[in-house]
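What follows is a single structure, written as structure tokens, with notes after it.
Each value in this text was obtained by applying a stated rule to the coordinates, not by laboratory testing. Note that the structure is a prediction, hence the values are computed from the model and not measured. Virtual Cβ from ideal backbone geometry, glycine too; neighbours counted across all protein chains shown.
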């Protein structure tokens with residue numbers, strides 16, 4: 001199984017101040033995680049992460065090399081910060097990159113196939129979207145006891161059938 005080479009770690013919302021900093025919405029568990037990558041790429045251009053200042057929730061102010069003023073930062077509005085997987089910090093046990101879980105087959109603990117994980121919305125409790133083989137979709141929050149195991153090598157997410165019935169909603 002080939003892992004994605006690039007990870008999307010944030011999206012630029014707008015310039016912040018006059019020194020070239022940008023406000024971002026982070027796609028990592030903690031805004032400070034962006035600093036751990038060391039460098040990010042925007043439209044194929046490499047930028048060293050100089051400083052990350054977390055704000056409330058999932059946003060942060062980020063200073064990047066090569067972005068010296070507000071005009072340069074303005075050109076980045078709406079762009080994504082990508083990081084090379086090789087720069088990714090080691091994840092804690094039972095923590096995964098979203099890109100590695102998307103495409104996994106979802107099954108119950110009895111092995112009953114549910115469909116394919118087609119999207120994950122990062123939140124305090126992530127929201128998984130599963131597309132069934134017939135094209136129907138449902139979503140569920142990854143609340144306690146719902147996800148029993150994630151095996152990215154085997155591309156399988158095992159969920160509790162009982163807990164899933166309690167939290168799943170049709171899309």
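Filter segment 42-67 down to the residues that are surrounded by 16 or more Cβ atoms within 10 Å (Cβ to Cβ) and over 19 Å from the mean Cα position of the chain (by Cα), then identify the one that is farthest from residue 123 (Cα to Cα). Result: 67. Given the condition exposed (fewer than 15 other Cβ atoms within 10 Å of the Cβ) and within 15 Å of residue 158 (Cβ to Cβ), answer yes or no: does some residue in segment 118-132 qualify? Scanning segment 118-132 turns up no residue that is exposed (fewer than 15 other Cβ atoms within 10 Å of the Cβ) and within 15 Å of residue 158 (Cβ to Cβ). Annotation note: of 70, 39, the sole residue that is within 14 Å of residue 7 (Cα to Cα) and over 15 Å from the mean Cα position of the chain (by Cα) is 39.
Within segment 74-95, residues that are part of a loop (DSSP other than H, G, I, E, B) sit with their Cβ atoms under 8 Å from residues that are exposed (fewer than 12 other Cβ atoms within 10 Å of the Cβ), at 6+ positions apart or across chains, in these pairs: 79/43. I'd like the full set of residues that are touching a strand residue (DSSP E or B) at 6+ places or on another chain (Cβ under 7 Å) and over 19 Å from residue 100 (Cα atoms), limited to segment 133-165. 133, 137, 138, 160, 161, 164, listed by residue number.
Please work out which residue is surrounded by the fewest Cβ atoms within 10 Å (Cβ to Cβ), limiting yourself to segment 9-31 and to residues that are within 21 Å of residue 121 (Cβ to Cβ) and without any contact (Cβ under 8 Å) to a residue 60 or more places away in the chain. Quick ask: steps written out before the conclusion?
Pass one, segment 9-31, residues within 21 Å of residue 121 (Cβ to Cβ): 9-13, 23-31.
Still in the list and also without any contact (Cβ under 8 Å) to a residue 60 or more places away in the chain: 23-26, 28, 30-31.
Working: 23: 19, 24: 28, 25: 15, 26: 23, 28: 22, 30: 13, 31: 23.
Among those residues, the one meeting the criterion is 30.
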